[in-house]
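The block underneath contains the structure these notes are about, expressed in structure tokens.
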Amino acid sequence: MKNGQDQLNISRGSGKSSGIPGMRVRIWPAVLIVVVAGALILGVSPFASTIIHNVLVFMVTPFVAMILLTVWWLRASRTPRRDRLIGLALFVAALLLVLLTQRSLMNGALLLMYALPALSAIAVLAMAVTLPFGWRIQRWFAAATMLLAAGAFTLFRVNGLGGTFLPVMSFRWEPISEELLSEPPQLAGGGTALLPAEAGAGDWPGFRGPSRDGRVTGITFSPDWSTPPRQLWRRRVGIGWSSFAVVGEYVFTQEQHGESELVTCYRAATGENVWVNRVDAFHEDPMGSGPRATPVFNRGRLYTQGATGVLQCLDAATGTTIWRKDLKTEMGVKMPNWGFSATPLVMDELIVVGAGDSKEKSLIAFQSATGEIVWSAGDAANGYSSPHLADIAGFPQVLILSDFGLKSFDLETGDPLWEHMWKLSGNPRCVQPLVVGSDLVMMGSAGTLGSRLLRIQRRSDTWEVREEWTTRRFRPYFNDSVLHKGYCYGFDGDRLLCINIKTGDRLWEGKRYGGQVLLVADIDMLLVLSEKGVVTLVEATPTRFNEVASFQALTGKTWNHPVVAHGKLFVRNADEAACFALPEAQSL
């Protein structure tokens, strides 16, 4: 009778933690859960290129597997009750070890995307391989291997998010951007840039070029990079995601040095610093610290917007501040979650800023000479696109893309002209609208929405907006697109592809570069700067994906738009900037 009661206690899992002779863990459900989850993660991840894919693969799948494993462990593992509670506590402790050893809870949560499935699988594997030795050995081996694995994860540091919302990691002993600039280069400047009165042929006066379309014209170069483009200079720069403005013999950008946001001017030929403008400001978030917008050159002046909302007009020759506005304190604009990212739109007498506020301050226009307010308009918030100038039906207007959709405003007065509501929740819209001819505009979205082509027509005093097509197979996040000969080239998540702009049909898909793309129109080439700092040439043709040449230009996470100007290629990221001579470059 006593033996029978002992067996009953074993079957109920109420044995003592010291181990029960003859007890065997029911391990097969856990192995099945781990194998299925691992197959989903390893099988789908090579094809996952968008944010929604990675959320499903690296967040939802491990979370569901953890729930199932917890149910198995507590209800069906046949282990002693006290051991179940101790084991669950050890697993939580291992996760907390990973979470709390990062410099922020957000970074710790990002590391758990990898640590959670790994620790679960390791604990189950440890119990499976030690099954013949009995529960007394199994429990100690599983606990030890799980805690050792958690300790191994603490050797890694999360430095932020990548373009598809996966963590960017490094070993703890590797220097991060802030540490690389712990002794920043001397940027006292004080020099003077000898600039033309106006930007001319071959110049790149601001964000994505003169028309903000990422299109390079008037230059050819050899696509034969069997010998990579010759490096002219390379230098350490401060953190930031700005691109370059290139005018004459000088290049301008924005960067973070300690607690100061800098606008910097360098010599295009040598990388030597000419002048620097400093503002006491600092913005940090998981996407990356530092300024995001790109300087804009116009009539001898430089217009910049910092990540905390400091708008400046500078003398481009010396970096001296002509006027300055703080959008938060002076305009009452709310700070965006991911910082002020929009590059100002400059049109001689007027400068339009994307403020992203919902109280008639989505866009704010200033007099370019004095900084006086001309108009403010719009109530669409939570967007990180820059104001975009378009001439639609012969009517100059400013477009702004946000989570509301697409809105258009009169250039001179700020009066609303037309709008198209296509609301987006979750990941905000960050790309530029793509203007096609005089009556078509394409808008892109991350997540599940995709892209949509709109036809805009003006009849008398009425604007009509009609949807031409919508596709869920083209989902750009922050990666802008280019147009060439009736075809659009851009990114579905981080995968380069080509679509027919008339129909939205996908014609080909290429590699998972991430990053940004330029169109070099006169040689029918796409120049891609990948998220890993690789520069690649791809044929701009709808018939096939054809990678022509590539070379490693930078190291580390690279989101900044590349620039081609005066026969040179300029690239940068949060750590360094470099300039390369394009082979056999010729101006047309």
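A few points about this structure:
- Residues that are in contact with a Leu (Cβ under 9 Å, 6 or more places away or on another chain), surrounded by fewer than 20 Cβ atoms within 10 Å (Cβ to Cβ), free of Cβ contacts under 8 Å to residues at least 24 places away in the same chain and within 23 Å of T154 (Cα to Cα) occur at least once in the stretch 76-90.
- One residue from M59, M66 being of a type in the set (A, V, I, L, M, F, W, C), surrounded by fewer than 21 Cβ atoms within 10 Å (Cβ to Cβ) and either at pLDDT 90 or above or outside any helix (DSSP H, G or I) (or both): M66
- The single residue among P396, P295, P344 that is modelled with pLDDT under 95 and under 23 Å from D203 (Cβ atoms) turns out to be P396.
- Taken over the stretch 235-246, the residue count meeting the criterion of being under 17 Å from L569 (Cβ atoms) and either surrounded by fewer than 24 Cβ atoms within 10 Å (Cβ to Cβ) or hydrophobic (A, V, I, L, M, F, W, C) (or both) is 5.
- Among residues of the stretch 97-142, those that are part of a helix (DSSP H, G or I), more than 14 Å from P167 (Cβ to Cβ) and β-branched (V, I, T), counted: 4
- On inspection, G339 fails the criterion of being surrounded by 15 or more Cβ atoms within 10 Å (Cβ to Cβ), in a strand (DSSP E or B) and within 21 Å of the chain's Cα centre (by Cα).
- Matching residues in the stretch 264-275 - criterion: being farther than 22 Å from V564 by Cβ and either surrounded by fewer than 24 Cβ atoms within 10 Å (Cβ to Cβ) or not assigned by TED's automatic domain parsing to the domain that holds L194 (or both): N273
- Top-ranked residue in the stretch 392-432 [being outside any strand (DSSP E or B) and hydrophobic (A, V, I, L, M, F, W, C); ranked as nearest to the chain's Cα centre (by Cα)]: C430
- Qualifying residue in the stretch 280-291 (condition: surrounded by fewer than 21 Cβ atoms within 10 Å (Cβ to Cβ) and over 21 Å from G160 (Cα atoms)): yes
- When each of V124, V71, V98 is tested for being exposed (fewer than 15 other Cβ atoms within 10 Å of the Cβ) and either within 40 Å of the chain's Cα centre (by Cα) or not assigned by TED's automatic domain parsing to the domain that holds G288 (or both), the lone residue that passes is V71.
This table checks each residue for (1) of a type outside the set (S, T, N, Q); (2) outside the structural domain of G238 (by TED's automatic domain parsing); (3) farther than 19 Å from T220 by Cβ; (4) without any contact (Cβ under 8 Å) to a residue 40 or more places away in the chain.
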{"position": "V534", "(1), (2), (3), (4)": "yes, no, yes, yes"}
{"position": "L537", "(1), (2), (3), (4)": "yes, no, no, no"}
{"position": "A540", "(1), (2), (3), (4)": "yes, no, no, no"}
{"position": "R544", "(1), (2), (3), (4)": "yes, no, yes, yes"}
{"position": "Q552", "(1), (2), (3), (4)": "no, no, yes, yes"}
{"position": "W559", "(1), (2), (3), (4)": "yes, no, yes, no"}
{"position": "P562", "(1), (2), (3), (4)": "yes, no, no, no"}
{"position": "V571", "(1), (2), (3), (4)": "yes, no, yes, no"}
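- Condition broken by L527, with the remaining ones in (1) buried (at least 17 other Cβ atoms within 10 Å of the Cβ); (2) part of a loop (DSSP other than H, G, I, E, B) satisfied: (2)
- For the stretch 202-255, a tally of residues being outside any strand (DSSP E or B) and either of a type in the set (S, T, N, Q) or not assigned by TED's automatic domain parsing to the domain that holds I523 (or both) returns 7.
- When the stretch 247-263 is filtered for residues that are surrounded by 24 or more Cβ atoms within 10 Å (Cβ to Cβ) and in contact with a Lys or Arg (Cβ under 7 Å, 6 or more places away or on another chain), the ones remaining, listed by number, are T253, L262.
- Residues located in the stretch 365-380, provided they are within 28 Å of the chain's Cα centre (by Cα) and modelled with pLDDT under 95: A377, G378, D379, A380
- Pairs linking a residue in the stretch 214-228 that is over 11 Å from L582 (Cβ atoms) to a residue that is at pLDDT below 95 and not in a loop (DSSP other than H, G, I, E, B), with Cβ atoms under 9 Å and 6 or more positions apart or on different chains, are G218/S587.
- Scanning the stretch 272-318 for residues that are outside any strand (DSSP E or B), of a type in the set (K, R) and more than 28 Å from the chain's Cα centre (by Cα) yields one hit, R299.
- Of the listed requirements (1) surrounded by fewer than 19 Cβ atoms within 10 Å (Cβ to Cβ); (2) hydroxyl-bearing (S, T, Y); (3) part of a loop (DSSP other than H, G, I, E, B), T145 misses just one: (3).
- Selection count, the stretch 204-234, where residues are out of contact with any Cys (no Cβ under 9 Å at 6 or more places or on another chain) and surrounded by fewer than 20 Cβ atoms within 10 Å (Cβ to Cβ): 15
- Exactly one residue among S408, S358 is surrounded by 23 or more Cβ atoms within 10 Å (Cβ to Cβ), of a type in the set (S, T, N, Q) and either closer than 25 Å to G306 by Cα or not assigned by TED's automatic domain parsing to the domain that holds L314 (or both), and that residue is S408.
The values are calculated or read from the model by the stated rules, or taken from the named source; none is laboratory data. From a predicted model like this one, the values you see are computed outputs, not experimental measurements. Don't worry about glycine lacking a Cβ; one is built from the backbone with ideal geometry, like all the others, and counts go over all protein chains shown.
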